[in-house]
Amino acid sequence: MIFQKFFSAMRAQLNKLANFFWEADPIAQMQYEYDKSVEELKSGRVGLEQYRGLVERVSRQVKEGERHIAQLEAQAKAYLKAGDRATAAKFALEMEKAKKDLVTNQEQLAMHEASYNNNLQKIQHATKKLGEVRAKIQKYDAEIKMSEAEAEVAKLSESFNFNVTTDFGQLEQVVQERIDKNRGAVRVAADLSNRGVAEIEAEQNMEKFMAEDALKRMEMDMGIITPETAQPAPAQKELGPAQSN
């Protein structure tokens, strides 16, 4: 009684352990069962091949028996036609024994052929079922991986639903403020850069006018132009051709 309880408890623990591994990775367990079935099917195929050899041997015996009977019958008829009844009777008796052996072999051949066909059908059916199991394993493996990925995406969706009160939200606000500060510095630099360009252009224009005045004074000193011709032209002449009346 004590040993029976002990073995029952051990069996229960082993079942728990087996269930743990089954639940931990069911696809691996399915693949293990599939591989084990494939190995068993291979062994069954080897046995079927050996059995087929037996069937072929019995079939050969049947064919040899049929040829032997035909030969004995021909010899018995030949001796009977020749008038040698004693020899003909001997071949006729041997032919009767051969026919009995042939019937036995034919019955064994029919039985072995039926058994072989039944086992062949079972193995073909098992092969088909294993193919379906392999397809299911691949399908379930893909579905489990997809469902796990979807679950992870769902968790990420929830964890990334942050607001300003969370640590991530506060850090995000700090990052945005730093970006705004950097953009402000860039804008100030651009504005200051534009002002500097305007001052440089004004200075360059001033130098240009001063150079033009210096050149005109030199031309007046050389008598090339007079003070009257040195006057600046009317603005409208600079803007375009004169309008005809």
Quiz item: Where Lys and Arg each count +1 and Asp and Glu each count -1, what net charge lies around residue 123 among other residues with Cβ under 13 Å from its Cβ?
Solution: +4
Quiz item: Using the beta-carbon distance between residue 36 and residue 147 and R0 = 35 Å, what value does 1/(1 + (r/R0)^6) give for FRET efficiency, to the nearest 0.05?
Solution: 0.85
Exercise. Pull out the extension gain between residue 56 and residue 103, defined as 0.36 nm times the separation in residues minus the alpha carbon to alpha carbon distance; nm, one decimal.
Key: 15.3 nm
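All of the numbers you see were taken from the coordinates with simple rules; none came from a lab. These numbers were taken from a predicted model, which means no experiment stands behind them. In this analysis, Cβ positions are derived from the backbone assuming ideal geometry, glycine residues included, and neighbour counts consider all displayed protein chains.
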